[in-house]
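What follows is one structure encoded as structure tokens, with my remarks underneath.
The values are calculated or read from the model by the stated rules, or taken from the named source; none is laboratory data. Source: prediction; values computed, not measured. Counting neighbours? That spans all protein chains shown, and the Cβs are built from the backbone with ideal geometry, glycine included.
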Amino acid sequence: MKILLTGAAGFIGSHTAASLLSRGDEVVGLDNFNAFYDPAIKRRNAASLASQRGFSMVEGDLCDEALLAETFRAQRFDAVVHLAAWAGVRPSIQNPGIYIDTNVRGTTNVFEQCRRHGVGRVVFASSSSVYGGRDTVPFRETDPVDRPISPYAATKKACEVLAYTYHHLHGIHVAGLRYFTVYGPRQRPEMAIHKFATMLARGEAIPVYGDGSSARDYTYIDDIVQGTVAALDHCEGYELYNLGESRTTRLDDLVRKLADALGYELRVRREPEQPGDVPITYADISLARAKLGYAPHTLIDEGLERFAAWFHREGVK
């Protein structure tokens, strides 16, 4: 297939692009290399893809309708994997406008170009944050998600609704993927595991918010990529899927395991709970298993060992 992959230079995007290229698909990446984190990191990711046959990159923004229209007109895509977004729960509380603009308006632009150019298949990244502050676990795709507790989560919920509208009106096949706390090599530097690793390397104390009992369903990048590619191959109708490991790890356990994997001394400092944080995320993945053959298998200890090896190899500090 010939696939447009938005956010191709990012963490999940670059891994997904490499997987699609390895099986012979042609990938056109779209990324604006914004300054949410160091653009040099994303340019290195893009450079590693550029050396592979079948990859090309368009530098531009989802909100640039003219650029997007020209890209669709010139390329004739078979499908779109839409991963580009402004990410992060806490930053969205400080600056909600850019999340609304990029995530909602940008996603509208993608679907509108699909409609205009006859692209009938779209896989897009949603988020486990749409479940809000639920404590009934595991989270199922049929659970109500009408009470998001951050602007970021609200934009992801809005994108799910928008995607259904385009499916209903224009027959576009859609798979929305609710990712659960993805980690691994090339993870964004502001995400918890990478941020904590950098602090440990500098001998700094890790901030533990609350009493350390908050828990996350940490999902290794290889498992996420497998589920994303499977969703592309089985994209029919309109469906939402949880992609997680379906296991949880407490925050206090995570920082201990991470320090052990890296070989650094662990020091922590207690901080108050943060606005927008949820007490737990935990994916029921039975639907993805049944319909996509999704089969995550990377336990947190193994995943952290792989992350630590990459962190030391890259000399990330």
Residue ID - modelled with the lowest pLDDT, chosen from residues in the range 204-229 that are touching a Leu at 6+ places or on another chain (Cβ under 8 Å) and among the hydrophobic types (A, V, I, L, M, F, W, C): V208
query: Can P96 be described as out of contact with any Gly (no Cβ under 8 Å at 6 or more places or on another chain), under 21 Å from E273 (Cα atoms), surrounded by fewer than 24 Cβ atoms within 10 Å (Cβ to Cβ) and at pLDDT 95 or above?
result: yes
message: Testing G29 on (1) within 16 Å of the chain's Cα centre (by Cα); (2) within 20 Å of T102 (Cα to Cα); (3) surrounded by fewer than 22 Cβ atoms within 10 Å (Cβ to Cβ), one condition comes back false. Which one is that?
response: (3)
- prompt: Got a number for residues in the range 113-132 being loosely packed, with under 15 Cβ neighbours inside 10 Å and either free of Cβ contacts under 8 Å to residues at least 12 places away in the same chain or assigned to a loop (DSSP other than H, G, I, E, B) (or both)?
  reply: 1
field: Unique match (being more than 18 Å from the chain's Cα centre (by Cα), in a helix (DSSP H, G or I) and modelled with pLDDT of 95 or more) among L232, L254, L266
entry: L254
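For (1) of a type in the set (K, R); (2) in contact with a Lys or Arg (Cβ under 6 Å, 6 or more places away or on another chain); (3) surrounded by 14 or more Cβ atoms within 10 Å (Cβ to Cβ), each residue gets a yes or a no:
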position	(1), (2), (3)
A259	no, no, yes
E265	no, no, no
A288	no, no, yes
G293	no, no, no
R306	yes, no, yes
The range 24-69, residues that are basic (K, R) and outside any loop (DSSP other than H, G, I, E, B): K42, R43, R44
- prompt: Could you list, in sequence order, the residues of the range 227-285 that are over 30 Å from Y166 (Cα atoms) and of a type in the set (F, W, Y)?
  reply: Y264
- prompt: Quick one: is G276 touching a residue at least 60 places away in the same chain (Cβ under 8 Å) and of a type in the set (G, A, S)?
  reply: yes
- prompt: Taking the range 133-147 on its own, how many of its residues are within 17 Å of R216 (Cα to Cα) and either free of Cβ contacts under 8 Å to residues at least 40 places away in the same chain or part of a strand (DSSP E or B) (or both)?
  reply: 2
- prompt: Scanning the range 142-158 for residues that are of a type in the set (D, E, K, R) and surrounded by fewer than 18 Cβ atoms within 10 Å (Cβ to Cβ), which turns out modelled with the highest pLDDT?
  reply: D143
- request: State whether the residues of the range 270-281 include one that is surrounded by fewer than 19 Cβ atoms within 10 Å (Cβ to Cβ), at pLDDT 95 or above and either closer than 16 Å to D211 by Cα or of a type outside the set (S, T, N, Q) (or both).
  value: no
task: Mind listing just one residue for me: the one in the range 235-251 that is crowded, with 19+ Cβ neighbours inside 10 Å and of a type in the set (D, E) and, of those, nearest to the chain's Cα centre (by Cα)?
output: E245
